[in-house]
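Shown next, in structure tokens, is the structure this report addresses.
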Amino acid sequence: MIRLLMTLLAGLLLGGLVHLVSVLALPRIASRDAYSRLSQMTTVNTVRPLPTTDPDNAPIPFLDPGFAMAVCRYDLSSGPIKLTVPVSPSYTSVSFYTHDDLAYYAINDRSAGRRVIELDLMTEAQHAALPEDEEVTAADRLIVDSPTPTGLIVLKALAAEPGLRPQAEAALAAATCKVQTEPAAKPSEASGAKS
Amino acid sequence: MRLILTTALILIVATVVGLGATWMTATRGTDFGTLTIGAWTAQPRIGTTEINPYARATVIRSGELPLGAGDGIAFIATADDDKKPLDGRCDVTVSGITPPARFWTLTVYDMKGHLVANALQRYGFTSAEIVRSADGSFAIRLAPRARAGNWLPTGGIERYQLMLRLYDTPVGIGTRTQRDAPMPSIATVNCP
């Protein structure tokens, strides 16, 4: 009897270990996560609009139907990315996710503080390799550090009323996400604040 | 023989307990780091790099992308203020005021996070769309059939959930109580 109890106890302890390992390993082995789902409908380093969310057609669950959305799946291996998003009339935001769906940075039009959200996305190594420039000007260039070389940028523009959707979609249609051709000049140190 | 049986039993118990617990927590979520105000719950750290491993597992498994903390915060309700599960065949009101935010949206989802089909193709409201009373408060009525005022169709489904998202808001990691974030109340008023 005691032997059986000891066996069960050992099983429980080992089960706890299995549980911890499997929870921590899940982000690495999952194949139906948001990044995998959106990969099929996006092109690397290009802004792609998402179709309007409706009951039969949602690439991922829990999307907000009040927003026009677009996704840029990025790959920084060939250099930093420059992202430009014109601000739509009501509310615009840009959110960054690693390839395992960790939300590491997000900014909205008001905190960006102008008519166009402009920023440079790079890996920490690329950021460190930027040429030091003495004339570091005001925070006219926002630099975001990506923890992983690949990931997702989600662009959202609110259609506060259904009639405003075309304007929101137009703002996102004019957004770009491209590998920088020339080296970043005069970067300021407004780097990826943890948000 | 006895050693083999004992080892096999240990391994079976370990697999069932370990993977079962992982499946449960990744599917239903856990209470670690949740903020509960009335019928609403949020996970303020889900949109940050400080997200806990359980919330991460839930996010990965469901395939959603959580709101980044610099964008906003999402509150979810699956039951009314009296803990009665939200039933799409009943009339439910969501009324009161919302915490400070530049915009908010209220959306009806089924239990898997899909929008609920209806003839009007109305899946939610934004804060700019609803009719308010003179003091700025509002009442939204969720019902299977058309109602006067701010009507959100439920499609008559058995169980649904409401998500209230606040965009550009001070509500977040520092928020603790109803005083910091006055969430609207949810009441089932009429059930056939």
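I'd like the full set of residues that are assigned to a strand (DSSP E or B) and either in contact with a helix residue (DSSP H, G or I) (Cβ under 6 Å, 6 or more places away or on another chain) or without any contact (Cβ under 8 Å) to a residue 60 or more places away in the chain (or both), limited to the range B:92-137. Talk me through it step by step, then tell me what you get.
Residues of the range B:92-137 that are assigned to a strand (DSSP E or B), as a first pass: B:92-96, B:103-109, B:115, B:124-126, B:132.
Those that are assigned to a strand (DSSP E or B) and either in contact with a helix residue (DSSP H, G or I) (Cβ under 6 Å, 6 or more places away or on another chain) or without any contact (Cβ under 8 Å) to a residue 60 or more places away in the chain (or both): B:LEU106, B:THR107, B:VAL108, B:TYR109, B:LEU115, B:GLY124, B:PHE125, B:THR126, B:ARG132.
Which of the residues that make up the range B:22-62 are hydroxyl-bearing (Ser, Thr, Tyr) and either more than 10 Å from chain A (Cβ to nearest Cβ) or part of a loop (DSSP other than H, G, I, E, B) (or both)? Spell out how you get there, then give the answer.
Start the filter on the range B:22-62 by keeping residues that are hydroxyl-bearing (Ser, Thr, Tyr), which leaves B:22, B:25, B:27, B:30, B:34, B:36, B:41, B:48-49, B:54, B:58, B:62.
Selection gives B:THR27, B:THR30, B:THR34, B:THR36, B:THR41, B:THR48, B:THR49.
Name the residue that is surrounded by the fewest Cβ atoms within 10 Å (Cβ to Cβ), counting only residues in the range B:109-129 that are within 23 Å of A:SER90 (Cβ to Cβ) and hydrophobic (A, V, I, L, M, F, W, C).
So in the range B:109-129, the residues within 23 Å of A:SER90 (Cβ to Cβ) come out as B:109, B:115, B:120-129.
Those still in the list that are hydrophobic (A, V, I, L, M, F, W, C) too: B:115, B:120, B:125, B:128.
On the way: B:LEU115: 24, B:LEU120: 9, B:PHE125: 21, B:ALA128: 16.
Result: B:LEU120.
Looking at the range A:52-67, is at least one residue within 13 Å of another protein chain (Cβ to nearest Cβ), surrounded by fewer than 23 Cβ atoms within 10 Å (Cβ to Cβ) and under 12 Å from the mean Cα position of the chain (by Cα)?
No: the range A:52-67 contains no residue that is within 13 Å of another protein chain (Cβ to nearest Cβ), surrounded by fewer than 23 Cβ atoms within 10 Å (Cβ to Cβ) and under 12 Å from the mean Cα position of the chain (by Cα).
What's the total number of residues in the range B:70-91 that are among the β-branched types (Val, Ile, Thr) and either outside any loop (DSSP other than H, G, I, E, B) or within 11 Å of chain A (Cβ to nearest Cβ) (or both)? Break it down into steps so the answer makes sense when it comes.
Going residue by residue through the range B:70-91, those that are among the β-branched types (Val, Ile, Thr) are B:73, B:76, B:78.
Imposing the further condition that a residue be either outside any loop (DSSP other than H, G, I, E, B) or within 11 Å of chain A (Cβ to nearest Cβ) (or both) reduces the set to B:73, B:76.
So the count comes out to 2.
For the range B:144-171, give me each residue that is under 21 Å from B:ALA69 (Cβ atoms), touching a Lys or Arg at 6+ places or on another chain (Cβ under 9 Å) and not in a strand (DSSP E or B).
B:ASP168, B:THR169
Condition check: of a type in the set (A, V, I, L, M, F, W, C), more than 7 Å from chain B (Cβ to nearest Cβ) and surrounded by fewer than 17 Cβ atoms within 10 Å (Cβ to Cβ). Does A:LEU13 satisfy that?
Details: of a type in the set (A, V, I, L, M, F, W, C): yes; more than 7 Å from chain B (Cβ to nearest Cβ): yes; surrounded by fewer than 17 Cβ atoms within 10 Å (Cβ to Cβ): yes.
Judged against the criteria, A:LEU13 is a match.
Suppose the filter is buried (at least 23 other Cβ atoms within 10 Å of the Cβ), touching a strand residue (DSSP E or B) at 6+ places or on another chain (Cβ under 9 Å) and at the interface with chain A (Cβ under 7 Å from one of its Cβ atoms); does B:LEU106 pass it? Don't jump to the end; show me each part of the working.
Details: buried (at least 23 other Cβ atoms within 10 Å of the Cβ): yes; touching a strand residue (DSSP E or B) at 6+ places or on another chain (Cβ under 9 Å): yes; at the interface with chain A (Cβ under 7 Å from one of its Cβ atoms): no.
When the stated conditions are applied, B:LEU106 does not pass them.
Quick check: anything in the range B:36-43 buried (at least 19 other Cβ atoms within 10 Å of the Cβ), closer than 21 Å to A:PRO27 by Cα, without any contact (Cβ under 8 Å) to a residue 60 or more places away in the chain and under 19 Å from the mean Cα position of the chain (by Cα)?
There is at least one residue in the range B:36-43 that is buried (at least 19 other Cβ atoms within 10 Å of the Cβ), closer than 21 Å to A:PRO27 by Cα, without any contact (Cβ under 8 Å) to a residue 60 or more places away in the chain and under 19 Å from the mean Cα position of the chain (by Cα).
How many of the residues making up the range A:78-104 are farther than 20 Å from A:ASP33 by Cα, outside any loop (DSSP other than H, G, I, E, B) and either within 7 Å of chain B (Cβ to nearest Cβ) or more than 16 Å from the chain's Cα centre (by Cα) (or both)?
3
Could you say which residue among A:LEU4, A:LEU8 is hydrophobic (A, V, I, L, M, F, W, C), over 24 Å from B:THR58 (Cβ atoms) and at the interface with chain B (Cβ under 7 Å from one of its Cβ atoms)? Working first, answer last.
Details: A:LEU4 fails: at the interface with chain B (Cβ under 7 Å from one of its Cβ atoms).
Going through A:LEU4, A:LEU8 in turn, the sole match is A:LEU8.
Values in this text are rule-based calculations from the coordinates and carry no lab data. All figures in this text were calculated on a predicted structure; none of them were measured in a lab. In this analysis, Cβ positions are derived from the backbone assuming ideal geometry, glycine residues included, and neighbour counts consider all displayed protein chains.
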